[in-house]
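Just so it is clear, none of the values below were taken in a lab; they were calculated from the coordinates. If you're wondering where the values come from, they're calculated on a predicted model, not measured in any experiment. Don't worry about glycine lacking a Cβ; one is built from the backbone with ideal geometry, like all the others, and counts go over all protein chains shown.
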Amino acid sequence: MPISRSLCMGILKKEGYGPKRATPVQKLTPADCIRRVAFCREMIERIAKDDDFLPNILFTDENAFQLNGATNSRNDVEWWKENPHREVIRDKRKPPSVMVWQACGILKPIFIEGNITKQTYRTKVVPELAEREVLSRLYFQKDRAPPQNTTPVMEFLNEMFEGKVICKTSPIDWLPNSPDMTPPDL
């Protein structure tokens, strides 16, 4: 005999079950944890020495929005009596998508077909920042995504931001598997 959705939900609630969602996370190694603490200490020192350091970091992030109708993880709910604090490690393979790049609070989102390249920065990002006359004071933070860490991209960014780049190959090394460390976190 079929029962209604509302009756089923009432029974689950009465028995102490509630909706719980898994949290998508990056896998961290013990070495990553040590590097994260060292990075945080270095940033605290830099901020203490220079009042203009933190306000002038251009935090950036990008995300590929899937075009294949993939399931929205916000709709992926499990019912438990107690929160199991279950985490899901993301699959690194990507379906067809549109890339969206954003700089925290300064620029509107930029939509890109394919990966972010030197040409993307040259034609879409730097002109917007130059128009706002902020290039010379900014530290450009970017994550460790391989397409953005090629030699041509890094040479261009170091030239445009006068060596004030926070990323994989710079004096201030951005951390691996750390999307939670940047404010935009798309």
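For Lys14, give me every one of the lysines with a C-alpha distance below 18 angstrom, ignoring sequence neighbours fewer than eight places off in its own chain.
Lys81
How far apart, in nanometres, would the label points at Met43 and Glu82 be if each is projected 7 angstrom from Cα along the Cα-to-Cβ direction?
For Met43 paired with Glu82, the spin-label model returns 3.3 nm.
What's the FRET efficiency of Gln66 with Asn149 using the Cβ-Cβ distance as r and R₀ = 30 Å, to the nearest 0.05?
Values: r = 23 Å, r/R0 = 0.78.
That pair, Gln66 with Asn149, gives E of 0.80.
Order 153-160, 125-132 from most to least packed using the mean count of other Cβ atoms within 10 Å.
Numbers: 153-160: 17.1, 125-132: 14.5.
Packing proxy ranking, top to bottom: 153-160, 125-132.
Which FRET efficiency value, to the nearest 0.05, do you get for Asp50 and Cys8 by plugging their Cβ-Cβ distance into 1/(1 + (r/R0)^6) with R0 = 35 Å?
Calculated value: 0.05.
Beyond a 31 Å Cα-Cα separation, which of these cross-linked pairs lie in this structure: Lys27/Lys118; Lys20/Lys108; Lys108/Lys168; Lys124/Lys168; Lys108/Lys164? Don't jump to the answer; show the numbers that get you there.
Working: Lys27/Lys118 29 Å; Lys20/Lys108 33 Å; Lys108/Lys168 25 Å; Lys124/Lys168 22 Å; Lys108/Lys164 22 Å.
Pairs exceeding 31 Å: Lys20/Lys108.
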